[in-house]
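Below is one structure; the comments refer to it alone.
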Amino acid sequence: MQETALSIQENTCLKRFNTFGIDAMARYFAVIQTPEELHAILTLKAFSDTPKLILGEGSNILFTQNYDGLIIKNAIKGIQLVSEDDKHVWLKVGGGENWNDFVMYCIRQGYGGVENLSLIPGTVGAAPIQNIGAYGMELCDVFSTMETMNLKEGSLQIFTHAECQFGYRDSIFKQVYKNQYAILSVVLRLNKKHTFHVEYGNLREILESMQIKDLSIKAISDAVIHIRQSKLPDPKELGNAGSFFKNPLIPYSHFSELKKSFPDMPSFTSGNTETVKIPAAWLIEQCGFKGKRFGDAGVHEKQALILVNYNASNGNAILELAQQIQRSVHEKFRVELTPEVNLI
């Protein structure tokens with residue numbers, strides 16, 4: 001790879017690099033705009049044994065302490081048409097591209113498949129790691145391949161759909177390969193001929209209230225944005241990382257027992273007959289946390305799944321609240337809540 005100039009800062013405040021607004025510090029910090037810049041950093045002998053963390057827009061992370069290592073912010077941009085046929089287009093997208101900007105690009109071009117994922121914060125590179133999803137659609141539905149760089153060796157590797165081992169808000173990069181790869185670019189397969197998905201949540205109801213007569217990917221995107229803006233706090237005004245917990249999957253037998261005591265308990269199909277998905281927000285609300293503030297941390301008044309930062313300089317107040325919620329939900333329902341947010 002070609003030579004490139006490097007700028008590695010020391011003792012950098014991360015407050016503006018995470019949507020919780022946590023005032024943590026990074027021992028070392030760098031921004032990379034090309035794969036060559038990343039490779040140059042990874043092959044520096046001075047940092048060969050230094051812990052490394054790839055950061056997108058910091059919208060799915062909670063810093064509970066300073067990071068005594070090197071944080072590398074992925075700012076690799078670009079959208080490139082790789083191939084197309086009568087039904088699909090394949091786009092190669094830089095890992096540092098803003099996810100919602102990419103969704104808006106697809107809608108302007110008439111490419112379907114990601115409209116239900118409108119306004120999800122973060123970067124394209126972060127999207128496959130937790131298999132982002134909303135309103136019945138997931139990243140894995142449009143994923144083709146991605147190019148990565150091994151953080152230890154600096155070598156390039158392509159991952160296929162199967163190799164990513166996608167699950168519900170999960171992939172191999174949150175498990176076996178956690179913090180081992182940087183995602184340089186992602187190839188996504190979009191649809192020229194559209195199939196609309198409007199059955200999840202109140203999406204159809206919102207579309208009807210907006211008097212949408214001709215369903216389109218833009219109409220669905222507009223409805224999703226309307227819903228998200230109406231109930232989700234803007235991180236620029238109130239620090240948060242979106243949904244803090246995953247919706248738990250529980251055995252159908254457990255769900256049947258719970259329904260006897262809680263007949264109004266909502267549920268969603270999980271894709272198999274053995275488990276049921278329960279809305280974590282409902283569980284949290286039933287435990288009395290919705291809209292409550294505990295010092296510098298709290299639970300949002302409109303969406304119980306979102307923990308918010310009122311004035312905490314570090315993430316421990318938010319972490320303690322999350323753990324308190326986990327204990328209460330387990331005591332009341334015997335259900336384990338798993339954080340969707342990465343804890344550092």
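The values are calculated or read from the model by the stated rules, or taken from the named source; none is laboratory data. Owing to the predicted nature of the structure, the values given are computational and were not obtained by experimental measurement. No Cβ is skipped: glycine too gets one built from the backbone with ideal geometry, and neighbour counts run over all protein chains shown. Ligands, DNA and RNA are excluded from the accessible area calculation, which covers all protein heavy atoms including side chains. Shrake-Rupley method; radii C 1.70, N 1.55, O 1.52, S 1.80 Å.
Annotations for the structure displayed:
- Among residues that are modelled with pLDDT of 90 or more, among the charged types (D, E, K, R) and more than 20 Å from residue 256 (Cα to Cα), residue 290 is included.
- Residues that are open to solvent by less than 10 Å² (accessible area, probe 1.4 Å) and of a type in the set (Gly, Ala, Ser) within segment 40-79 comprise 58, 69, listed in sequence order.
- Being touching a residue at least 24 places away in the same chain (Cβ under 8 Å), in a loop (DSSP other than H, G, I, E, B), within 22 Å of the chain's Cα centre (by Cα) and within 27 Å of residue 56 (Cβ to Cβ) holds for only one residue in 321, 337, and it is 337.
- Scanning segment 185-201 for residues that are open to solvent by 60 Å² or more (accessible area, probe 1.4 Å) and either under 26 Å from residue 231 (Cα atoms) or not β-branched (Val, Ile, Thr) (or both) gives 189, 192, 193, 194, 196, 197, 199, 200.
- Some residue of segment 267-281 being hydroxyl-bearing (Ser, Thr, Tyr), touching a residue at least 24 places away in the same chain (Cβ under 8 Å) and open to solvent by 80 Å² or more (accessible area, probe 1.4 Å): no
- Considering 239, 167, the condition of being under 25 Å from residue 302 (Cα atoms) and under 21 Å from the mean Cα position of the chain (by Cα) is satisfied by 239 alone.
- Some residue of segment 159-170 being open to solvent by less than 10 Å² (accessible area, probe 1.4 Å), part of a strand (DSSP E or B) and either on the phi < 0 side of the Ramachandran plot or not basic (Lys, Arg) (or both): yes
- Counting only strands (runs of 3 or more DSSP E) that sit wholly inside segment 1-104, those with at least 2 residues that are aromatic (Phe, Trp, Tyr) are 25-32.
- Comparison of 246, 259 shows that the only residue that is of a type in the set (D, E, K, R) and under 18 Å from the mean Cα position of the chain (by Cα) is 246.
- Residues of segment 171-184 that turn out to be hydroxyl-bearing (Ser, Thr, Tyr) and open to solvent by less than 10 Å² (accessible area, probe 1.4 Å), as a count: 1
- Within segment 8-59, tally of residues that are within 30 Å of residue 312 (Cα to Cα) and touching a residue at least 24 places away in the same chain (Cβ under 8 Å): 27
- The listed residue being under 18 Å from residue 140 (Cα atoms), in contact with a strand residue (DSSP E or B) (Cβ under 9 Å, 6 or more places away or on another chain), in a helix (DSSP H, G or I) and in contact (Cβ under 8 Å) with a residue 12 or more places away in the chain, out of 173, 255: 173
- Matching residues, segment 286-300, being over 11 Å from residue 328 (Cβ atoms) and either of a type outside the set (A, V, I, L, M, F, W, C) or over 20 Å from the mean Cα position of the chain (by Cα) (or both): 290, 291, 292, 293, 294, 295, 296, 297, 298, 300
- Flag if residue 240 is touching a helix residue (DSSP H, G or I) at 6+ places or on another chain (Cβ under 7 Å), in contact (Cβ under 8 Å) with a residue 12 or more places away in the chain and not in a helix (DSSP H, G or I): no
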